[in-house]
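**Q** Please read through the structure below; I'll follow up with questions.
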Amino acid sequence: MTPIPFSGLLVALATPFTTDNEVDLPAFRRLVRHVAAGGADGLVVLGSTGEAATILEAERDALIVACLEEAGRAKVVVGTGSNATHQAATWTKRAQELGAAGALVVTPYYNKPTPAGLVAHYAACAEAAPGLPLIVYNVPGRTGQNLAPSTLTQLWENPHVVAVKESSGNLGQIGEIARTLPTGKALLAGDDNLALASLSVGACGLVSVLGNGWPRETKRLVDLALAGQRTEAAALNARLLPLMDALFLESNPIPLKAALQQLGICGDGLRLPLVPASEATRRRLAEAMLPIAEVA
């Protein structure tokens, strides 16, 4: 199998909801078009930012199909992770059937698998969808378990595992993954506020939350960093950093939904146990968004 290279800007898409808490497909399509037009290289549907944990089984296909139909040239990656291996494998197979370019598979949460269990988990997902590239997703803040570089080294032996989205927030670990990265595999930054640092040590792309609202600016940051234009990249990063931080004042995607509402892209509704952003967060967002709007 020839791995599909994932690089540049990938955006972890939000999932808009209607006022009666149903998936808002027209708003989702509008969001996808906005992000694709902004130059995103990839779109991630049903990830953490997309509130996949509270998306019903019957709602998944419609979101995937809508994303594929509106993506343009951008590659579509589907979040297929679950703490149950059988479920993750089933969702990965379905993503392939619908035409996804790859699957983002989070490390199993709650179960606390051993390294051997993680290897078997990803092997089962690969077996269910032969030829579909898999992106391992390490986000210990949500799963409660960090994927150590030593375990990732074992996962790289699986030819279907082509990339890792690294959201540990640990620059030392990010540097070690970059140092030991095998040829043909990809390291993707998983945090907007560490994107520039991650790209400088060897990441080839970013999976972004910020890119939902500001795809052009986020794409520009990634492109400058990958081109080695450090001064320009640092200046843009400094301008975007207050907004990056504001988007995580509360659990993602609570602030993002508030920001997307202010931008007129979709409503701010979330599914319980998440609730809409506080007024303090909305004020901070508005303050951080204003300089970006003025430059644009």
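No lab work stands behind these numbers, since they all come straight from the coordinates. A quick note: this is a predicted structure, and the numbers were derived from the prediction, not measured. Positions of Cβ are generated from backbone atoms using ideal geometry, with glycine treated the same way; all protein chains shown enter the neighbour counts.
**Q** In sequence order, what are the phi-derived ³J(HN,Hα) couplings for the range 174-191 according to the Karplus relation 6.51 cos²θ - 1.76 cosθ + 1.60 with θ = phi - 60°, rounded to whole Hz, with x for glycine and proline?
**A** Per-residue couplings from phi come out as 4, x, 5, 4, 5, 5, 9, 5, x, 4, x, 9, 10, 9, 10, 5, x, 10 Hz.
**Q** With an 8 Å cut-off on Cα pairs and a minimum separation of 6 or more residues, tell me the relative contact order of the range 8-227 in percent. Write down the numbers at each step before the final one.
**A** Working: 433 pairs, mean separation 45.5, N = 220.
Computed value for the range 8-227: 21 percent relative contact order.
**Q** On each of the three principal axes of the Cα atoms of the range 1-88, give max minus min coordinate, whole Å, ordered largest first.
**A** Sorted from largest, the Cα extents of the range 1-88 read 39, 33, 18 Å.
**Q** Rounded if a/c is under 1.5, else prolate if a/b beats b/c, else oblate: with a ≥ b ≥ c from the C-alpha gyration tensor eigenvalues square-rooted, which is the range 49-135?
**A** Details: a/c = 2.17, a/b = 1.55, b/c = 1.40.
Verdict is prolate for the range 49-135.
**Q** Additional query: Karplus couplings for the range 26-41 from phi (6.51 cos²θ - 1.76 cosθ + 1.60, θ = phi - 60°), rounded to Hz, Gly and Pro as x?
**A** Taking θ as phi minus 60°, the curve returns x, 5, 5, 4, 4, 5, 4, 4, 4, 5, 5, 5, x, x, 4, 7 Hz for the range 26-41.
**Q** Please list 125-134, 144-153, 55-64 highest first by mean number of surrounding beta-carbon atoms within 10 Å per residue.
**A** Values: 125-134: 20.0, 144-153: 17.2, 55-64: 14.9.
Order by mean packing, descending: 125-134, 144-153, 55-64.
**Q** Moving to a separate point now. Rounded, prolate or oblate, given the Cα gyration tensor of the chain, with a/c below 1.5 counting as rounded? Could the numbers behind the result be given before it?
**A** Details: a/c = 1.57, a/b = 1.19, b/c = 1.32.
Here the chain falls in the oblate category.
**Q** To check you understand DSSP bridge types, tell me what percent of the beta bridges within the chain (both residues inside) are antiparallel, rounded to 5.
**A** Details: 1 of 30 bridges.
In the chain, DSSP labels about 5 percent of beta bridges as antiparallel.
**Q** Mind counting lysine pairs for me in the chain? Cα separation below 29 Å, and the two need to be 8 or more apart along the chain or on different chains.
**A** Total qualifying Lys-Lys pairs in the chain comes to 15.
**Q** Taking the Cα centre of the range 8-227 as origin, work out the dipole magnitude from +1 charges on Lys and Arg Cβ and -1 charges on Asp and Glu Cβ, in debye rounded to 20.
**A** Values: 16 positive and 19 negative charges, 86 e Å.
Charge dipole, the range 8-227, about its Cα centre: 420 debye, nearest 20.
**Q** Using mean Cβ contacts within 10 Å as the protection proxy, how do 157-167, 207-217 order, highest first? Each step should come with its number before you reach the end.
**A** Working: 157-167: 21.5, 207-217: 24.9.
The most tightly packed comes first, giving 207-217, 157-167.
**Q** Show the residues, 5+ positions off or on another chain, whose built amide H is closer than 5 Å to the amide H of Gly79.
**A** Sorted by chain and number, the residues that satisfy this are Val45, Leu46, Gly47, Leu104.
**Q** When a/c is below 1.5 the answer is rounded, else prolate if a/b is larger than b/c, else oblate, so apply that to the range 117-243 with a ≥ b ≥ c taken from the square roots of the Cα gyration tensor eigenvalues.
**A** Details: a/c = 1.95, a/b = 1.93, b/c = 1.01.
Prolate is the answer for the range 117-243, as a/c is 1.5 or above and a/b outweighs b/c.
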